[in-house]
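These notes concern the structure reproduced below.
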């Protein structure tokens, strides 16, 4: 696949996924906390155009659910109750970008019908809705933590590479220390030092800080390499000969050389960090209820009966794959581009 | 020899730094920790006070660190409140299990990765190589969590494998071979999961190391001399590629250790992972610190082993 | 070129540069004596050629002279000013007067900057002029070095090797230097380009009363354009004389070796016809 296509494909996929998550309020049919205690572990709702009597409906519809007489604890479709699906419906209120209030949802089924695109969990909450809202938490965690790691990496790497000497020694030794610790254990350890019961958003921020702070060593090393080779380039020497200050050299000539590495590192780190947050939350060490996260969506799978009977609970994990794919494709394409940039 | 002593010294320094870091971690929690402990009915007030004075809570930092470091070196790593036992014995059994699992998984992953990486490099550009590249990329996009959950599902649905734990009931009565078989059947899925998760990155690195070796001038010269392909591959290129590969081994210990935490928790393998998670949830600080230190020791030891292997196998390093 | 002797522009006395390398984590050091006790004089408005084999220390001397590196010992006097005593801000006016052109023009130009930006950069660094003044000056310099003004917004990769060297020269002239050092600046070019650049340099020297230092290992080129030649061998200057004198009466055995190794025009013609 040609590199340019790869890059564009990845970027479009990323824009789509992030857009979906960003405007979760609009795309999700229900509010993030909406429960339907009557319908725990409902399977994904099928959308129909032709009803049991063979009649074609121009407007798609879903069936109601009733208890399945043959399998206790599961639901069967009740073909007698038909609930049409509408688009641009009025539903629960939410805020666009946290500021503008709105009621409009992309789609929804007429009450009391429910449209569970990905099924429901033990409280009857729509998994699709929770996936979108959870994405806000998990993706934001990954992005911010990755930005933090890369920012630290740039500062440390630039200082170490540019000034060399004992600064370089000390910083790189420190980096070695961080690289020597198995990152997940380190994450756990720092998490352990934090109090368990703090406000939700504080946990979120602390989590991001911890994940981001743990991973600065590898970007720092890479940036240091780029800075080392860049500062020896003759155009930097020439600028120095004109009397340029260190700050000017860094800003104008050296750091621009690192942009490619920075982007690639971001593209590689974001999925890793998203997974880190998901893992932590899955194990009960991350953000807790009721803040949705992809990790908490998967947490119930630790119970055998959920694991074996309710296959749709796997879907959030499966949906992680396109997220990873998009980021890795972008990273691949960026790395290819870096190789061809004339140095 | 100087190379080796340098690496050993480096390792010691690293461990010392890690221990200092762990100790600092320990100190950052204790205030509220010990107070919380007083409220715990399972722990008597005397135990708490005894521990407080034993670890010299009222003395300056370096003194406390010194005390603690000494005790650790003697084997006394503190006290676990949830298990109500000293940390040491708790740790060893778990550590042994984790080591067992990760070594087998490492072996499996490398056994799969090396032939594939070599074959891929030898057939660079052809469809076999491309298929291989494609499948490793595809595998990389699947999150570890999903892989382990699917394996667990497999166990639950088919019943071919146990769904967790390390041994079955009545283990003590088994014959030696039955015991081995029992443990093997238990670690099969976790080990496979770990191998699947770490294998793609290994294949990629092996392939690129081999490609670099194969494209180097001395190999091309050897080819020009008419040396047959297989001999070229194994007797010339592979040794040349072994340097980066051995470093890779050291590095893969880290990823393996981290991934093992998740698989151990999901598949209830009694290793360091579940111990750690439980310890965090129950605020068992000494256990947490001990596990962090131990896993770091494993990592540093793994890297040191790689350094020794490098020294033994690569003459260029010996000359230096 | 210069007929009579005035105060030399540059006086270098006892210049030494050592590089000390230490193996990490050990105390073993080894010293490389790149340049040892070098004396050089450069006359105003003239051209000095600095010749010698690779590793003789020529580049190190000019790097010290152009203030890119500090020598470990010695003095450099530029127009009566003790250069090495100056630090920081005081060095700035001196930096305007000495410029260096490198062997590889491609590496000397930031691939992401346009030609106009590259030439104007010294003015930006020294904080001179407004944006339009700098642009005006850049266009002026492009004209002087034979580059069409409309190429102002092109990137270096769109220029050929010879044109890039012109770009580097234009940039070096931006601050109106007195001394221009050419560190093997012509070695990377083909003969045709070499000719053109040499002619350009000659014109510029006349136009701006420049003093040149040519570092080279090509003696034939040296014999054409230099007033004086200094021969370096293993970090020391073994001989410095006016060109004609050096070629006619070389004193140091190494100089003799160099001259012997240089094929004369007659011998080349003989080989060809043979």
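Take C:127-133, A:54-60 and order them by the average number of nearby Cβ atoms within 10 Å per residue, most first; the result is C:127-133, A:54-60. Taking the centroid of alpha carbons for each part, region C:143-171 and region B:262-320 are 58 Å apart.
Label-to-label distance, residue C:69 versus residue C:160, with points set 7 angstrom from Cα along the beta-carbon direction: 3.4 nm. Report the calculated FRET efficiency for residue A:58 and residue A:259 (r = Cβ-Cβ distance, R0 = 51 Å), to the nearest 0.05. Efficiency, rounded to the nearest 0.05: 0.45. Modelled label positions at residue C:209 and residue A:202, each set 7 Å beyond Cα in the direction of Cβ, lie 7.5 nm from each other.
When the Cα centres of region C:178-222 and region B:1-22 are compared, how far apart do they sit, in Å? Cα centroid to Cα centroid, the span is 55 Å. Using the alpha-carbon atoms, what tilt in degrees (0 to 90, nearest 10) does helix A:183-193 show relative to the longest principal axis of chain A? Tilt of helix A:183-193: around 80 degrees. Please give the residues of region A:135-163, grouped as numeric ranges, whose backbone N is less than 15 Å from a label point set 7 Å along the Cα-to-Cβ vector of residue A:209. It comes to A:145, A:148-149, nothing else. Between the Cα long axis of helix B:61-74 and the first principal axis of chain B there is an angle of about 70°, rounded to the nearest 10. The simple Förster model, with R0 at 60 Å and r as the Cβ-Cβ distance, assigns residue B:158 and residue C:20 a FRET efficiency of 0.30.
Normalising the average separation of contacting C-alpha pairs (under 8 angstrom, six or more residues apart) by the number of residues puts the relative contact order of chain C at 24 percent.
Taking every C-alpha pair closer than 8 Å and separated by at least 6 residues, the mean separation divided by the residue count of chain B gives a relative contact order of 28 percent. Taking label positions 7 Å along the Cα-Cβ direction at both residue B:12 and residue C:234, the computed distance is 4.4 nm, reported to one decimal.
DSSP finds beta bridges in the protein assembly as shown, and of those with both partners inside it, around 70 percent are antiparallel. Cβ-Cβ distance of residue B:171 and residue B:222, R₀ of 60 Å, FRET efficiency by 1/(1 + (r/R0)^6): the value works out to about 0.65.
Across peptide C:106-115, the mean count of Cβ atoms from other chains lying within 10 Å of each residue's own Cβ comes to 5.
Length gained on full extension, residue A:318 to residue A:289: 8.3 nm, using 0.36 nm per residue less the C-alpha separation. Would any residue of region B:192-207 have its amide N under 13 Å from a label point 7 Å out along Cα→Cβ of residue B:107? List them or say none. Under 13 Å, as judged by backbone N against the label point of residue B:107, lie B:192 of region B:192-207. Peptide packing for A:108-119, B:177-188, A:32-43, A:208-219 was compared via the average number of neighbouring C-beta atoms within 10 Å per residue; ordered from the highest value, the list is A:208-219, A:108-119, A:32-43, B:177-188. The mean count of C-beta atoms from other chains within 10 Å of the C-beta of residues in A:239-251, rounded to a whole number, is 5.
Taking every DSSP bridge with both residues inside chain C, close to 55 percent are antiparallel. Taking every C-alpha pair closer than 8 Å and separated by at least 6 residues, the mean separation divided by the residue count of chain A gives a relative contact order of 21 percent. Using only the alpha-carbon atoms, how far is helix B:144-158 inclined from the longest principal axis of chain B? Give it as 0 to 90 degrees, nearest 10. Its long axis makes an angle of about 90 degrees. Averaged over the residues of B:140-153, the number of partner chain Cβ atoms lying within 10 Å of the residue Cβ comes to 6.
We did not get these values from a lab; they are worked out from the coordinates using the rules stated. Computed from a predicted structure; not experimentally measured. Methodologically, a virtual Cβ is constructed for each residue, glycine included, from the backbone with ideal geometry; neighbour enumeration extends over all protein chains shown.
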